[in-house]
Amino acid sequence: MITGPSFEEMLHPQTIEPSLRAAAVAALDEDPLSPLNLYNITWRDPQDQVYHIVLPPELTGVAAPIVVLYGGRFPSGSHKVGAAYSVLLEEQLRGDVDPAAHTLVWPSTGNYGIGGAFIGCRMEYDSIVVLPEEMSQERFDLIARYGARVIRTAGSESNVKEIYDEVKRLRESDSKIRVLNQFEVMGNYRFHYHVTGNTLVELAAELAAAGIGDGRISAYVSAMGSAGAIAAGDRLKQVWPEHKIVGLEPIQCPTLFNNGYGAHEIQGIGDKHVTWIHNVFNMDALMAIDDRDALNGLRVLAEAAGRKVLIERFGLAEDMVAQLAETLGISGVCNIIGAIKTAKFYELSEKDVVATVATDAFERYLSVMQDLRTAGGALDEAGATAIIEGVFRRAGLDWIMEGGRAARERWHNLKYYTWVEQQGKSVAELDAQRDPAWWLGQQAQVAEIDKRLLAQRAANQAIERLNVRR
């Protein structure tokens, strides 16, 4: 069976065997479909620098530095590939999946399915991605490129129930099916807790050495899709107990905010349920973001008039604008808006670093931006100025709920309707998540999984040496 890096190697790729690391780095651009790219699942570049941008205050309008980890340089173009790999690795090490015997099903609203197509096919599994039919065309194209099949379900981003229904049908129709559900499987949580979380811990020190912040991450902001990325906050709060974890969802589908529902256009978040892997008891605040703001914020970067205004009127450097235009997608813009609101809400200063993530990059949304231009015409400089001022610099303090005891209890109770009534979990399993020890136990499994992987690696090497002698 093909495997890749351990959790520790994803966090610190410089610990990968040097010749293997060099081959993987070369494959990232020269042979992007090679299984060697499994060893490029990391937040660090070939020079071991973290993929990040510190946003200029001319854009954000706040004193607190906002740092964005960007996932576009991961294999498959999104950090979701890390979650997909971790989920499959754990299943494989436990002996629950076998490429010679099983077909993998990846339920997704986009990036996880793309990551699953990439990972599953590189690890020689037959893979099926179940995806809503109204997602961007780029998503379907990438899944096909990576070698997986697609089943399209009704609806858009928030139609996860339809995905679950199709997955249930597949599981019942074929004993070879193995479902790797990002919303449920804790490998997704562990990737972000250990790899994303500890990357941010290390980045905080690197930023302080460069004169940015005081060595802490004061707040971490993440919209919830599967609620994998927000798990990084659990690690940050262990390092800095006063740290604030802020979750985001769309105004058009405010499930946790007020039991709301509806369709929206921030692809990758707001899936109309509370996921099993979301530790809601650690969330300090919940904010809702208008999908129009996220779309228009990306449009400023996508169109020439918007980029011109950012440079000439607001004073952003050309290379910064170019980098933002390349590395942000719709949910990345959503996270930035949420980070600005967080800095304002908690009255954070220049010492307080606010961290967030950009799941994917602009290339996933070319068709979405073209649809906006077709519907409303090209953006002019006046329109771009209004968006920059209204969406970013004047982001308000509306749609904010603090995570007190009653709110956290309500968020947790919402899990019942999906996971007990529909997906077969027991009430005892749901109640177990109230105990912090349950989450600590999930975190502790990182070391055991790495131990199993290294043992398998050693066994494979022993077999190879034996075969050579023969």
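Read-outs throughout are calculated quantities, based only on the coordinates presented, and are distinct from any laboratory measurement. What you are looking at is a predicted structure, and each value in this text was computed from that prediction instead of being measured. Here the Cβ positions follow ideal geometry from the backbone for every residue, glycine too, while neighbour counts run over all protein chains shown.
Across the stretch 1-82, the relative contact order, built from alpha-carbon pairs under 8 Å that are at least six residues apart, equals 26 percent. Between A209 and E381, the contour length at 0.36 nm per residue exceeds the Cα-Cα span by 58.1 nm.
Over the stretch 1-117, the Kirkwood radius and the radius of gyration, each from Cα atoms, give a ratio Rg/Rh of 1.04. Among V97, A63, F74, pick out the residue whose Cα is farthest towards the positive end of the charge dipole of the stretch 1-158, where Lys and Arg carry +1 and Asp and Glu carry -1 on C-beta, about the Cα centre. Of the candidates, A63 comes out farthest on the positive side. Rg of the Cα atoms in the stretch 381-470, relative to 2.2 N^0.38 Å, amounts to 2.07. With Rg and Dmax of the Cα atoms in Å as the read-out, I listed (i) 21.4, 75; (ii) 21.9, 70; (iii) 25.5, 85; which label goes with the value calculated from this structure? Of the labelled values, this structure produces (i).
If eta is 1.306 mPa s and T is 10 °C, what Stokes-Einstein diffusion coefficient results for the stretch 312-470, Kirkwood Rh from Cα pairs, in µm²/s? This corresponds to a translational diffusion coefficient of 74 µm²/s.
Estimated at 0.36 nm per residue, the fully extended path between A317 and Y417 surpasses their Cα-Cα distance by 31.1 nm. Within a straight-line Cα-Cα reach of under 13 Å, K344 can be paired with the following aspartates and glutamates, leaving aside sequence neighbours fewer than 8 residues apart in one chain: D352, D398. Here the gap between D96 and D31, fully extended at 0.36 nm per residue and compared with their Cα-Cα distance, gives a gain of 20.4 nm. Counting pairs of Cα atoms in the stretch 179-328, how many percent are more than 26 Å apart? Here the long-distance tail beyond 26 Å is 39 percent of all Cα pairs in the stretch 179-328. Ratio of Rg to Rh for the stretch 128-239: 1.11 [Cα atoms; Kirkwood radius as inverse mean 1/r over pairs].
Against the empirical curve 2.2 N^0.38 Å, the C-alpha radius of gyration of the stretch 92-172 lands at a ratio of 1.05. Checking the cross-link pairs K272/K351; K244/K351; K244/K425 against a 26 Å limit on the alpha carbon distance flags K272/K351; K244/K425 as lying beyond it. For the stretch 65-200, the spherically averaged projection of the C-alpha convex hull amounts to 8.7 nm². Computed from the C-beta positions of L430 and T374 and an R0 of 51 Å, the FRET efficiency is 0.65 to the nearest 0.05. Annotation for R152 and Y261: the two label points, set 7 Å from Cα along the Cα-Cβ direction, are 2.4 nm apart. In percent, rounded to a whole number, the relative contact order of the stretch 245-357 is 26, using alpha-carbon pairs under 8 Å and six or more apart.
Here the scattering of the stretch 243-310 is modelled by Debye summation over its C-alpha atoms, one equal scatterer each and no solvent; at q = 0.26 Å⁻¹ the log10 of I(q)/I(0) is -1.10. Farthest towards the positive end of the charge dipole of the stretch 321-470, among the residues F345, T385, S331, is the Cα of S331, using unit charges on the Cβ of Lys, Arg, Asp and Glu. Charged side chains reduced to their Cβ positions (Lys and Arg at +1, Asp and Glu at -1) give the chain a dipole of some 860 debye around its Cα centre. For the stretch 189-261, the spherically averaged projection of the C-alpha convex hull amounts to 5.4 nm². Normalised by the number of residues in the chain, the mean separation of alpha-carbon contacts (under 8 Å, six or more apart) gives a relative contact order of 17 percent.
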